[in-house]
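K.L.:
I'd like to ask some things about the structure below.
Readers should treat all values here as calculations from the given coordinates under stated rules, not as data from a laboratory. Being a predicted model, the structure only gives us computed values, none of them experimental. Every residue, glycine as well, gets a Cβ built from its backbone with ideal geometry; the counts of neighbours run over all protein chains shown.
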Amino acid sequence: MGLNLLRSAAQNRDIRRFVYTSSCAAATTPKHGNWPKISNDTWNEEAIEEAWAPPPYLPDRGFAVYAASKAQTERELWKWYHENKPDFVLNTVLPSMNIGESLDLDNQGHPSTSGLIEALFRGNHEPVNAAHQYFYVDVKDTGRLHLAALLHPDICDERIFAYAGPYTWHMIQTVMRDIYPEKEFSPDIAEAGLDRSEIVLAPKAEGYLKEMGYKGWTTLEESVKMNTEDLCDFGTGLSNNLY
């Protein structure tokens, strides 16, 4: 799909820029104790190998298939772009875990990874326990970086790494307790070690946000608050649902 869109765009000389939404999963699979240096030429070879391994095809292979699809699609886009040299600029954005304010609460609620924050708020730890503890980014920062990739004249042929900072579920639960002291959050989530991967180009992405007039990355505290405010009654810290 992505490669077909790129080819179609190349047939229209009015198109000046093409931005593809990739994923942090295109670069690597989060794994505790394995903290790689992630740079412009980092690709999730492990996920590609796992995704294409022989059957059985069981549900636990789902993330590898997703990650491989992102990695292979993005890499093929760059390969085609460099070989065919179209008239437009190609940029890609690699968001880490998107959290923050729902962009359409009435129609979407808290979709995708922002739903993990809602689940933790409501005391439902099952989806959280099955999820990685890695890096987060506020969804609005992700959107801003897409705009920068489309409009910033100096951003050309770049992979933009939207990694604001590492987190653990224990950290996020602690943030919720600070924001909503009247609400009980239980049971406690055990602390885990922060991911210490070096995201080489994350400071460059943050620099683009600053050039756009923002202070830099939205903090974890700010993102968690925006992700949960609508779950409370008039800011009292009491959830609309009792758990």
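K.L.:
Classify segment 20-148 from the C-alpha gyration tensor, please: rounded if a/c falls under 1.5, else prolate or oblate depending on whether a/b exceeds b/c.
P.N.:
oblate
K.L.:
Cross-link list Lys37/Lys85; Lys85/Lys215; Lys79/Lys225; Lys183/Lys204: which exceed 32 angstrom alpha carbon to alpha carbon?
P.N.:
From Lys37/Lys85; Lys85/Lys215; Lys79/Lys225; Lys183/Lys204, over 32 Å: Lys85/Lys215; Lys79/Lys225; Lys183/Lys204.
K.L.:
What value, in deg cm²/dmol to 500, does the helix sum -39500 (n - 2.57) over DSSP H runs of n ≥ 4 give at 222 nm once divided by the residues of the chain?
P.N.:
-12000 deg cm²/dmol
K.L.:
Rank by packing, highest mean first: peptides 120-132, 163-175, 48-60, with packing defined as the count of other Cβ atoms within 10 Å averaged across residues.
P.N.:
163-175, 120-132, 48-60
K.L.:
Using the alpha-carbon centroid of each, what span in Å lies between segment 34-70 and segment 93-111?
P.N.:
Here the answer is 24 Å between Cα centres.
K.L.:
Related question: Starting from segment 137-213, pick out the GluC sites (Glu not before Pro) whose DSSP state is loop and whose Cβ has at most 13 other Cβ atoms within 10 Å.
P.N.:
Passing sites in segment 137-213 are Glu182, Glu184, Glu191.
K.L.:
Sticking with this one: List the relative contact order of the chain as a percent without decimals, with contacts defined as Cα pairs under 8 Å and 6+ residues apart.
P.N.:
23
K.L.:
Binning at 10 angstrom from zero up to the longest distance, how are the C-alpha pair distances of segment 2-231 distributed in percent?
P.N.:
7, 29, 35, 22, 6, 1
K.L.:
Which FRET efficiency value, to the nearest 0.05, do you get for Met212 and Asn107 by plugging their Cβ-Cβ distance into 1/(1 + (r/R0)^6) with R0 = 41 Å?
P.N.:
0.90
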